[in-house]
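The values are calculated or read from the model by the stated rules, or taken from the named source; none is laboratory data. Since the structure is predicted, the reported quantities are computational estimates derived from the model, not experimental observations. Reconstructed Cβ throughout: ideal geometry from the backbone, glycine too, with neighbour counts over all protein chains shown. With ligands, DNA and RNA removed, areas are computed over all heavy atoms of the protein, side chains included. Shrake-Rupley method; radii C 1.70, N 1.55, O 1.52, S 1.80 Å.
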Amino acid sequence: MIFIGIFALVFLLVICLNIYDSSNLQKLEDYIKTQNCINYSYSKGSYKAICNKKVIKLENSFIIDLNKNKKEFLYANIQTSKIQKNTIYINNEKFEFKEKIDAKKFYNLLQEKLNNDRNN
(Lines give C-alpha, C1' and ligand atoms only; values in the text may rest on other atoms or scores of the structure.)
Protein backbone atom coordinates (compact mmCIF):
# COMPACT_ATOMS: atom_id res chain seq x y z
CA MET A 1 0.00 0.00 0.00
CA ILE A 2 2.83 2.40 0.88
CA PHE A 3 4.54 1.53 -2.40
CA ILE A 4 1.40 2.44 -4.37
CA GLY A 5 1.15 5.76 -2.51
CA ILE A 6 4.79 6.64 -3.25
CA PHE A 7 4.37 5.61 -6.89
CA ALA A 8 1.22 7.76 -7.22
CA LEU A 9 3.00 10.75 -5.66
CA VAL A 10 5.98 10.44 -8.04
CA PHE A 11 3.63 10.00 -11.00
CA LEU A 12 1.66 13.12 -10.01
CA LEU A 13 4.88 15.10 -9.55
CA VAL A 14 6.14 14.11 -13.02
CA ILE A 15 2.84 15.15 -14.60
CA CYS A 16 2.90 18.54 -12.82
CA LEU A 17 6.50 19.24 -13.87
CA ASN A 18 5.68 18.31 -17.47
CA ILE A 19 2.74 20.72 -17.52
CA TYR A 20 4.88 23.47 -15.98
CA ASP A 21 7.66 22.89 -18.54
CA SER A 22 5.12 23.04 -21.34
CA SER A 23 3.89 26.43 -20.14
CA ASN A 24 7.51 27.67 -20.05
CA LEU A 25 8.02 26.61 -23.65
CA GLN A 26 4.83 28.43 -24.62
CA LYS A 27 6.08 31.63 -22.95
CA LEU A 28 9.37 31.41 -24.86
CA GLU A 29 7.59 30.73 -28.13
CA ASP A 30 5.22 33.65 -27.58
CA TYR A 31 8.20 35.95 -26.98
CA ILE A 32 9.81 34.80 -30.22
CA LYS A 33 6.60 35.49 -32.13
CA THR A 34 6.45 39.04 -30.74
CA GLN A 35 9.97 39.64 -32.11
CA ASN A 36 8.82 38.93 -35.70
CA CYS A 37 11.24 36.05 -36.17
CA ILE A 38 11.17 34.32 -39.52
CA ASN A 39 12.70 31.02 -38.42
CA TYR A 40 13.01 29.38 -35.04
CA SER A 41 13.60 25.94 -33.62
CA TYR A 42 13.78 24.25 -30.24
CA SER A 43 16.59 21.83 -29.59
CA LYS A 44 19.00 20.92 -26.80
CA GLY A 45 17.07 22.93 -24.17
CA SER A 46 16.87 26.25 -25.99
CA TYR A 47 15.04 28.13 -28.70
CA LYS A 48 17.15 29.61 -31.48
CA ALA A 49 15.58 32.23 -33.72
CA ILE A 50 16.52 34.30 -36.74
CA CYS A 51 14.67 37.59 -36.67
CA ASN A 52 14.67 40.70 -38.85
CA LYS A 53 17.62 42.46 -37.18
CA LYS A 54 19.03 39.89 -34.77
CA VAL A 55 19.58 36.29 -33.73
CA ILE A 56 18.05 35.20 -30.42
CA LYS A 57 18.87 32.29 -28.14
CA LEU A 58 16.41 31.58 -25.31
CA GLU A 59 17.42 29.00 -22.72
CA ASN A 60 14.67 26.91 -21.15
CA SER A 61 14.84 26.69 -17.37
CA PHE A 62 12.56 26.01 -14.45
CA ILE A 63 11.92 29.74 -13.94
CA ILE A 64 11.79 31.91 -17.07
CA ASP A 65 13.55 35.24 -16.72
CA LEU A 66 14.13 36.76 -20.15
CA ASN A 67 16.86 39.04 -18.79
CA LYS A 68 18.90 35.99 -17.78
CA ASN A 69 17.69 33.37 -20.26
CA LYS A 70 18.00 35.48 -23.40
CA LYS A 71 21.01 36.21 -25.58
CA GLU A 72 20.65 38.50 -28.58
CA PHE A 73 23.10 39.17 -31.37
CA LEU A 74 22.44 42.06 -33.74
CA TYR A 75 23.61 41.23 -37.27
CA ALA A 76 25.79 44.34 -37.26
CA ASN A 77 27.61 43.05 -34.14
CA ILE A 78 28.33 39.53 -35.37
CA GLN A 79 32.03 39.25 -36.14
CA THR A 80 32.33 35.47 -36.51
CA SER A 81 30.00 32.64 -37.37
CA LYS A 82 30.91 29.07 -38.19
CA ILE A 83 29.30 25.67 -38.25
CA GLN A 84 30.82 22.46 -36.92
CA LYS A 85 28.73 19.31 -37.10
CA ASN A 86 25.47 20.10 -35.24
CA THR A 87 26.73 23.31 -33.61
CA ILE A 88 26.82 26.89 -34.86
CA TYR A 89 29.17 29.35 -33.18
CA ILE A 90 28.18 33.01 -33.26
CA ASN A 91 30.76 35.25 -31.57
CA ASN A 92 31.87 32.16 -29.58
CA GLU A 93 28.30 31.46 -28.36
CA LYS A 94 27.18 27.86 -29.03
CA PHE A 95 23.89 27.20 -30.80
CA GLU A 96 23.46 23.44 -30.57
CA PHE A 97 21.04 21.48 -32.75
CA LYS A 98 19.88 17.89 -32.56
CA GLU A 99 20.05 17.30 -36.30
CA LYS A 100 22.79 18.42 -38.67
CA ILE A 101 20.24 19.38 -41.34
CA ASP A 102 18.55 21.80 -38.89
CA ALA A 103 21.90 23.39 -38.06
CA LYS A 104 22.75 23.72 -41.75
CA LYS A 105 19.38 25.31 -42.55
CA PHE A 106 19.73 27.78 -39.66
CA TYR A 107 23.32 28.60 -40.65
CA ASN A 108 22.40 29.22 -44.30
CA LEU A 109 19.60 31.58 -43.28
CA LEU A 110 21.97 33.34 -40.88
CA GLN A 111 24.55 33.82 -43.65
CA GLU A 112 21.85 35.20 -45.94
CA LYS A 113 20.78 37.69 -43.26
CA LEU A 114 24.39 38.69 -42.55
CA ASN A 115 25.05 39.29 -46.26
CA ASN A 116 21.87 41.33 -46.62
CA ASP A 117 22.74 43.39 -43.53
CA ARG A 118 26.26 44.13 -44.81
CA ASN A 119 24.99 45.12 -48.25
CA ASN A 120 22.48 47.62 -46.86
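Here the extension length gained between E93 and L109 equals 4.0 nm, from 0.36 nm per residue of separation less the Cα-Cα distance.
For K44, put the label point 7 Å out on the Cα→Cβ axis and report which residues of region 89-120 keep their amide N under 18 Å from it. Flagged as within label range: 89-111. Element breakdown for the chain at a 1.4 angstrom probe: carbon and sulfur atoms account for 56% of the accessible area. Relative contact order of region 1-119: 16 percent, from C-alpha pairs under 8 Å at least 6 residues apart in sequence. With percent of Cα pairs over 20 Å apart defined as stated, name the option among (1) 67; (2) 59; (3) 49 computed from the structure displayed. Among (1) 67; (2) 59; (3) 49, the one calculated here is (3). Counted by Cβ distance under 10 Å from I90, the other residues give a net charge of +4, where Lys and Arg count +1 and Asp and Glu count -1.
Of the chymotrypsin sites (Phe, Trp or Tyr not before Pro) found in region 62-109, the ones in coil according to DSSP and having at most 13 other Cβ atoms within 10 Å of their Cβ are F62.
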